[in-house]
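Below is one structure, written out as structure tokens, with a few remarks after it.
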Amino acid sequence: MQINISGHHVDVTEAMKEYVHKRLNRIVAHYDNINNIQITLSIEKMVQRAEVNLHFNNVDIIASAEHADMYAAIDLLADKLNRQLTKQKEKKLGRNGKNQNIL
């Protein structure tokens with residue numbers, strides 16, 4: 001799995017990179033076949049924004065979150081991403097709990 005972190009109008013510090021890796025590793029540990037994660041951290045006026053584009057099993061998942069604090073935006077992003085991955089996993093399993101090979 002490859003995690004790319006970039007900044008738009010912000011310098012991405014080592015502390016931010018470590019925090020993103022820590023939050024995403026918790027989520028990614030529960031899901032197989034995640035190939036690539038692209039994260040963009042940006043600042044527009046007084047709004048801190050975190051966006052993610054995740055690719056796994058031929059599905060692209062895109063999420064973004066905004067907050068006044070960058071670390072809070074990363075937390076909100078991780079929560080959204082977890083919900084979307086859970087939804088995809090439930091779709092794959094279907095009603096009877098068996099693999100339906102949708103993805």
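The values are calculated or read from the model by the stated rules, or taken from the named source; none is laboratory data. Since the structure is predicted, the reported quantities are computational estimates derived from the model, not experimental observations. Cβ atoms come from the backbone with ideal geometry, glycine included; neighbour counts cover every protein chain shown. Surface areas here come from the heavy atoms of the whole protein model, side chains and all, with no ligands, DNA or RNA. Shrake-Rupley method; radii C 1.70, N 1.55, O 1.52, S 1.80 Å.
Things worth noting here:
- Residues that are modelled with pLDDT of 80 or more and either over 17 Å from Tyr31 (Cβ atoms) or outside any helix (DSSP H, G or I) (or both) within the range 74-103 comprise Ile74, Asp75, Leu76, listed in sequence order.
- Test: residue in the range 9-28 that is of a type in the set (Val, Ile, Thr), within 13 Å of the chain's Cα centre (by Cα), in a strand (DSSP E or B) and at pLDDT below 90: no
- Odd one out for Leu54 among (1) under 8 Å from the mean Cα position of the chain (by Cα); (2) on the phi > 0 side of the Ramachandran plot: (2)
- Count of residues meeting criterion [within 13 Å of the chain's Cα centre (by Cα), of a type in the set (A, V, I, L, M, F, W, C) and open to solvent by less than 80 Å² (accessible area, probe 1.4 Å)] in the range 60-74: 5
- Close pairs (7 angstrom Cβ cut-off, 6 or more residues apart or separate chains): without any contact (Cβ under 8 Å) to a residue 60 or more places away in the chain and among the acidic types (Asp, Glu) in the range 2-20, open to solvent by less than 60 Å² (accessible area, probe 1.4 Å) and in a helix (DSSP H, G or I) anywhere: none
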